[in-house]
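The next block holds one structure in the form of structure tokens; read it before the comments.
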Amino acid sequence: MQNKIPIHSNELQASGIELLSFSELSDAPQIPHRDDHYMFMLQHAGTSVWAIDFKQYTLEHSSLCFVAPGQVHQYIESKNTGGWLIFVESELIPSEYRIMLDTFMHHHQIVCLAKDHSVFALADILSGFIEEDRTIFYQSILQSGTAALMGMLTSAFIPQHKGNIKAGSHKYQLVITFKELIKQHFREIKQVKDYAVQLNITPLYLNEIVKNVTGFAASYWIQKEILLEAQRLLFYTHMDVKEIAFVLGYEDHTYFSRFFKKNIGTTASTFRKNNHYLSNYYH
């Protein structure tokens with residue numbers, strides 16, 4: 001383990017999207033790391049194993065999984081797999097798609113697909129197009145194809161009974177901005193009222209629209225970001241609890257410890273003891 005979790009940034013080509021065949025995956029497990037972009041594992045055959053934010057996921061047959069920017073992840077192994085790893089910059093994914101993906105993180109991050117799902121054909125077409133020589137319309141076609149693929153990938157995670165979710169309204173945009181502010185400032189800003197001030201709305205109204213769009217109160221998203229980062233640091237580094245509390249913006253480490261235990265159900269030390277870093281996958 002280490003004191004910092006590696007982050008891979010500025011890895012993608014200028015187009016902002018890359019498709020890698022599963023056949024190009026290395027046989028050796030990766031070092032756990034973060035990316036500054038999204039990754040989708042679109043698998044149509046075989047089995048692959050991944051670790052995402054201290055949880056292990058197994059993709060079997062026709063499956064889809066995603067990793068959001070900032071999530072700590074690690075490829076572990078695969079067998080007889082087919083499909084694509086799709087890497088895409090956040091800016092190329094419309095905000096209404098991103099808020100859906102953020103909502104599904106950690107509780108609906110992998111789905112099974114029909115073998116003949118049209119997303120496989122679209123990914124194949126886009127992969128082939130990227131490899132072709134550029135045409136006069138290359139950039140506009142690439143942008144359109146990327147937007148279509150992202151829409152299809154995101155919609156695959158949305159349960160059928162929620163397929164009528166509406167996006168694009170002023171309220172919806174406020175929620176997107178709120179969640180982006182959390183990612184930027186959760187270490188120093190922890191109160192709903194302080195985010196409401198930045199958005200020029202009341203805390204009551206912020207809670208109302210966040211609950212309406214995401215199904216969870218505004219405070220849930222603030223606490224979720226703090227707790228996720230705390231668990232990542234406990235799992236992937238050897239920083240002690242006092243150091244982690246300080247990094248997360250808590251001057252009183254005992255207060256942080258109580259907050260962690262109340263929400264996770266165990267102490268930070270016990271969480272670390274019971275959740276070992278996946279070093280056994282290294283050869």
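The values are calculated or read from the model by the stated rules, or taken from the named source; none is laboratory data. Please read all numbers here as calculations on a predicted model, not as lab measurements. All Cβ positions, even for glycine, are placed from backbone atoms using ideal geometry, and neighbour counts span all protein chains on display.
The figures follow:
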| read-out | value |
| --- | --- |
| Looking only at the range 67-88, and only at residues there that are under 22 Å from GLN173 (Cα atoms) and crowded, with 19+ Cβ neighbours inside 10 Å, the one that is farthest from the chain's Cα centre (by Cα) | VAL88 |
| Enumerated strands (runs of 3 or more DSSP E) restricted to the range 1-107, each holding at least 1 residues that are under 19 Å from PHE157 (Cα atoms) | 38-52, 55-60, 63-67, 73-88 |
| Condition met for THR266 (free of Cβ contacts under 8 Å to residues at least 60 places away in the same chain, farther than 22 Å from HIS107 by Cα and loosely packed, with under 15 Cβ neighbours inside 10 Å) | no |
| Residue match in the range 16-28 (condition: among the small types (Gly, Ala, Ser) and touching a helix residue (DSSP H, G or I) at 6+ places or on another chain (Cβ under 6 Å)) | yes |
| Enumeration of residues in the range 212-257 that are hydrophobic (A, V, I, L, M, F, W, C), without any contact (Cβ under 8 Å) to a residue 60 or more places away in the chain and in a helix (DSSP H, G or I) | ALA218, TRP221, ILE222, ILE226, LEU227, ALA230, LEU234, VAL241, ILE244, ALA245, PHE246, PHE256 |
| Filter result for the condition that a residue is of a type in the set (D, E, K, R) and in contact with a Leu (Cβ under 6 Å, 6 or more places away or on another chain), over GLU11, GLU18 | GLU18 |
| Test: PHE235 is aromatic (Phe, Trp, Tyr), within 18 Å of ARG34 (Cβ to Cβ) and at pLDDT below 95 | yes |
| Residues (modelled with pLDDT under 90 and assigned to a loop (DSSP other than H, G, I, E, B)) located in the range 142-196 | PHE157, ILE158, PRO159, GLY163, ASN164, ILE165, LYS166, ALA167, GLY168, SER169 |
| Count of the range 197-211 residues which are surrounded by 14 or more Cβ atoms within 10 Å (Cβ to Cβ) and in contact (Cβ under 8 Å) with a residue 12 or more places away in the chain | 7 |
| Among the candidates HIS106, HIS117, residue that is within 17 Å of the chain's Cα centre (by Cα) and either modelled with pLDDT of 95 or more or of a type outside the set (A, V, I, L, M, F, W, C) (or both) | HIS106 |
| Answer residue from the range 212-247, given it is aliphatic (A, V, I, L, M) and within 15 Å of ILE99 (Cα to Cα) and is surrounded by the most Cβ atoms within 10 Å (Cβ to Cβ) among those | ALA218 |
